[in-house]
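A quick write-up on the structure given underneath.
Here, each number is a calculation from the coordinates, and none is a lab measurement. The shown structure was predicted, so the numbers you read here are calculated from the model rather than taken from an experiment. With ideal geometry, Cβ positions are generated from the backbone for all residues, glycine too; neighbour counts draw on all protein chains shown.
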Amino acid sequence: MPRKTHIEKKADRNQRMPRMEARPPTPKPKIDFTVEALDYKNTTLLKNFVTEQGRILPRKYTNLPAHYQRQLNRAIKRARQMLLMR
């Protein structure tokens with residue numbers, strides 16, 4: 001009995017593995033503030049993204065795009081350095 005060729009092995013693998021269904025794209029989060037509002041002087045907005053202990057909320061909870069989350073992190077850290085926030 002001859003060995004299976006590479007093509008035959010690949011065909012067997014495709015028959016065994018079910019195809020994954022394509023997920024619908026996740027909707028982009030709607031931001032209820034302007035990007036210019038992400039400033040270290042706007043402490044009222046920044047406090048919405050900080051816990052009671054003072055930790056910055058991750059993207060998982062803020063639902064911000066990565067670019068805006070980085071801007072938010074910078075703004076919060078600057079406000080802390082200037083003692084505008086704790």
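Calculated translational diffusion coefficient of the chain (10 °C, 1.306 mPa s; Stokes-Einstein with Kirkwood radius over alpha-carbon pairs) equals 95 µm²/s. Modelled spin labels at ARG80 and ASN42, positioned 7 Å past Cα toward Cβ, are 2.0 nm from each other. Based on DSSP H segments of at least four residues, each scored -39500 (n - 2.57), the chain has a per-residue ellipticity at 222 nm of -11500 deg cm²/dmol. On C-alpha positions alone, give me the angle between the axis of helix 66-81 and the longest principal axis of the chain, in degrees, nearest 10. Between the helix axis and the principal axis of the chain, the angle is about 30 degrees.
Using only Cα atoms, tell me the angle between helix 6-16 and the longest principal axis of the chain; keep it within 0 to 90° and round to the nearest 10. The helix 6-16 is inclined about 60 degrees to the chain.
For the chain, the dipole from Cβ point charges (+1 on Lys and Arg, -1 on Asp and Glu) about the Cα centre works out to 460 debye, to the nearest 20. Shape descriptor for the range 45-86: Rg over Rh equals 0.94 (Cα atoms; Rh from the Kirkwood inverse mean 1/r).
Could you tell me the relative contact order of the chain? Use alpha-carbon pairs under 8 Å, at least six residues apart, and round to a whole percent. If you can, show how the numbers build up before the last one.
Values: 41 pairs, mean separation 23.6, N = 86.
Relative contact order, the chain: 27 percent.
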